Amino acid sequence: MFNKETYVRRRGELGKLVGSGLILLFGNNDSPANYPSNCYYPFRQDSTFLYYFGLGRDGLVGVIDLDEGTETLVGDDIDIDDIVWYGSVDSVADMARSAGVARTAPMKQLQAICNAALKDHRKIHFLPPYRHDTMLMITDLLGIHHGQQRESASLELINAVVKMRSVKEPQEIDEIEAACAIGYKMHTAAMRATRPGVTEKYVGGIVNGVAGSYGAMVSFATIFTQHGEIMHGVPRWDELQEGRLALCDAGAENRNNYCSDNTRTYPVSGKFTQRQLEIYRIVEECHDYVLGVAKPGVKYKDVHMAVCRLMAARLKELGLMKGDTDEAVEAGAHALFLPHGLGHMMGMDVHDMEGLGQVHVGFDAETRPSTQFGTNALRMGRRLEPGFVVTDEPGIYFIPALIDSWRAGGLHKDFINYDLLETYKDFGGIRIEDDLLITADGCRFLGKDRIPYHPADVEEFMANNQPNK
C-alpha cells in the first residue's frame, strides 16, 4: 500500500474525469476452491479497487458520491469466530482512515445507498464485472440482469480508469522493477533446472516456488513446455528431451500486486543446434528492434507490423517464405509463424485492465483492432505515451495443425514454402519477452538484471549453472 495521499489524489482525479453520479468500485470476495471454508490462497483483490483504495481485504465496496462530494468504504467487521481462526484484523473504520476515506457503512446499507440514487434517477457508474458473485451483487443492487451488465457498465468510468492506470507513476515503476527482480530469479532458476530427463512439471514447480519464497505469487499460470508452438503450454508430466527447446513464460506478482512478465526459450541440452539458432536469431533481432522504434507518439500497432515485416524478410532469407515481403505481411501470411500480437499493457494486471474491455485499453478512436488472423490477437495498438508499460514478445512458431490447415486450403501459397516448412513441423516454437517502459524520448527494458537471452549468454549460463557445477 502506498501512502494515504496517493489514494486520496487518485480518487479526486477520478471524480473530475467522471463528473457526476455515484461510483461503485467492487472489491473481490474470497473464492471457495471446493467447499466454503477452503478458499483459493492467497486472496487477490480487484486491481482497480486496489488502485483507488489500496486495501487488500475481501468483502469491501468503495462508494464515491460525486454529487455530494463524499466517499464511503462499505464492509463488515469480522466477528469473533473469524478472529479465532484467522486472528485480529483492522476494522473497516481503521482501513478507511488508512486510505483517507472519511465515512464507513456496513454492507447491509449498500442497498439503501443505491436505492436512493436510483430514486433520484442519478447515474450509477460501475465497471464490467468478471466474477459471478459481483454479478449477483449488481443484480440485487441495481436490478440489472447479469447478461446485460457488461453493456450497462459505465463508459465514462472505464475511460477514466484506463486514462489513469495506463500511465504508471514513478512509485508504480519501482514496484514493477521489484517484480522483475523476482522474475529474474524465477527464470534463472528454471534455466538451472532444465536438463534432459527432468519433467516439465518439475521445472514449472521450481518457478512457482521461487515466486512464493520471495513473498510473491505468479502473475499468471506458469508456462513451461518443450512444445513452444502451444501458446499457453502448461507444464506436463513429459520428460525434457535432448535436442528440444524449452520455453518458459512466467512472471511474478509482488506483495503490492505489481507484475512482471518474461519469456525465454533455451535448449534442453544447453546448446543450440544450427537450425534452432537460425530461427532464434530472427526472434532475437525482432525483440531488440523494438528498443529502437518504440517511443511516445508511435502506434504500437505500427511497431508490431514493422516487426512482422522484419520477421518475414528473415524467414524469406531462410527459404520459409517467398514473394514480396510487404505484400506477404499485408495479406497476413506471416501470421502462420506469429499468430499473436507483439505485446500488451502491463501493471497491476499482467494483461493490464483487460477486464475493462481490450478495445478501451489497447485501442482508441484513432486506432482500431484488426479482424485479420494473427493481427486480431494484438492487444495493444494505440499511440504510446511516457509511463506506459508494454510487453515486447515476438515469437516464431511451427504449429503442425495450422500448417496442415493452411496448406490444404492453398492459403498464401505465393508467400509460404510449404515443402520446406514440412521439415520444421517437429521444431516447436521460440518466444523472447521483456517488459518495456516508454520514457520521455524512447523506451527501456524494466528489471535491473537481464535474464540471459542472447545465444552465447544462454549457452554460457546453462553451462556454468548446472546442478553438478
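Points to keep in mind about this one:
- Residues in segment 145-159 that are surrounded by 18 or more Cβ atoms within 10 Å (Cβ to Cβ) and over 23 Å from K16 (Cβ atoms): Q149 only.
- Test result for V290, within 20 Å of C180 (Cβ to Cβ), at pLDDT 95 or above, outside any helix (DSSP H, G or I) and touching a Cys at 6+ places or on another chain (Cβ under 9 Å): no
- In segment 203-231, the residues that are in contact with a Cys (Cβ under 9 Å, 6 or more places away or on another chain) and either at pLDDT below 95 or aliphatic (A, V, I, L, M) (or both): V203, V207, I223
- Pairs linking a residue in segment 444-467 that is more than 16 Å from I432 (Cβ to Cβ) to a residue that is open to solvent by less than 70 Å² (accessible area, probe 1.4 Å) and part of a strand (DSSP E or B), with Cβ atoms under 6 Å and 6 or more positions apart or on different chains, are R444/L437.
- Of the residues making up segment 40-74, those that are of a type in the set (V, I, T) and under 19 Å from D133 (Cα atoms) are T48, V61, V63, V74.
- Within segment 293-309, the residues that satisfy the criterion of being outside any helix (DSSP H, G or I) and either touching a Phe, Trp or Tyr at 6+ places or on another chain (Cβ under 9 Å) or without any contact (Cβ under 8 Å) to a residue 40 or more places away in the chain (or both) are A294, P296.
- For I138, the requirement of being of a type in the set (V, I, T) and open to solvent by 10 Å² or more (accessible area, probe 1.4 Å) is not met.
- Answer from V329, V283 - the residue that is β-branched (V, I, T), part of a helix (DSSP H, G or I), over 30 Å from F220 (Cα atoms) and out of contact with any Asp or Glu (no Cβ under 6 Å at 6 or more places or on another chain): V329
- Screening segment 101-116 for residues that are in contact with a Ser or Thr (Cβ under 9 Å, 6 or more places away or on another chain) and assigned to a loop (DSSP other than H, G, I, E, B) and picking the one that is least open to solvent (accessible area, probe 1.4 Å) gives V101.
- G233 meets all of the listed conditions (1) open to solvent by 30 Å² or more (accessible area, probe 1.4 Å); (2) without any contact (Cβ under 8 Å) to a residue 24 or more places away in the chain; (3) small (G, A, S) but one, namely (1).
- Of the residues making up segment 347-375, those that are of a type in the set (V, I, T) and free of Cβ contacts under 8 Å to residues at least 40 places away in the same chain are V359, T371.
- Test for A408: is it touching a residue at least 40 places away in the same chain (Cβ under 8 Å), open to solvent by 40 Å² or more (accessible area, probe 1.4 Å) and either of a type in the set (A, V, I, L, M, F, W, C) or out of contact with any helix residue (DSSP H, G or I) (no Cβ under 7 Å at 6 or more places or on another chain) (or both): no
- Single match in D349, D364 (criterion: under 12 Å from the mean Cα position of the chain (by Cα), on the phi < 0 side of the Ramachandran plot and open to solvent by 10 Å² or more (accessible area, probe 1.4 Å)): D349
Residue-wise test of (1) touching a Leu at 6+ places or on another chain (Cβ under 6 Å); (2) over 24 Å from L421 (Cα atoms); (3) buried (at least 16 other Cβ atoms within 10 Å of the Cβ).
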residue	(1), (2), (3)
I282	no, no, yes
C286	yes, no, yes
K301	no, yes, yes
A312	no, no, yes
K316	no, no, yes
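- Candidate set: segment 118-135, residues that are farther than 24 Å from L50 by Cα and not in a helix (DSSP H, G or I); chosen: the one least open to solvent (accessible area, probe 1.4 Å): R122
- A count restricted to segment 242-262 and to residues that are surrounded by 24 or more Cβ atoms within 10 Å (Cβ to Cβ) and touching a Leu at 6+ places or on another chain (Cβ under 7 Å) stands at 1.
- So L291, is it open to solvent by 40 Å² or more (accessible area, probe 1.4 Å) and either closer than 22 Å to D441 by Cβ or among the small types (G, A, S) (or both): yes
- Whichever residue in segment 352-365 is touching a strand residue (DSSP E or B) at 6+ places or on another chain (Cβ under 7 Å) and in a loop (DSSP other than H, G, I, E, B) and, among such residues, is farthest from F26 (Cα to Cα): G362
- Among residues of segment 25-44 that are free of Cβ contacts under 8 Å to residues at least 24 places away in the same chain, those with a beta-carbon under 7 Å from a residue that is open to solvent by 50 Å² or more (accessible area, probe 1.4 Å) and among the charged types (D, E, K, R) at least six positions away or on a different chain give the pairs C39/D30; F43/D30; F43/D58.
- Residue match in segment 124-135 (condition: at pLDDT 95 or above, in contact with a Pro (Cβ under 6 Å, 6 or more places away or on another chain) and over 30 Å from F445 (Cα atoms)): yes
The values are calculated or read from the model by the stated rules, or taken from the named source; none is laboratory data. On a predicted model such as this, the values are computed, not experimentally measured, just so you know. Positions of Cβ are backbone-derived with ideal geometry, glycine not excepted, and every protein chain shown enters the neighbour counts. All accessible areas refer to the heavy atoms of the entire protein, side chains included, with ligands and DNA or RNA removed. Shrake-Rupley method; radii C 1.70, N 1.55, O 1.52, S 1.80 Å.
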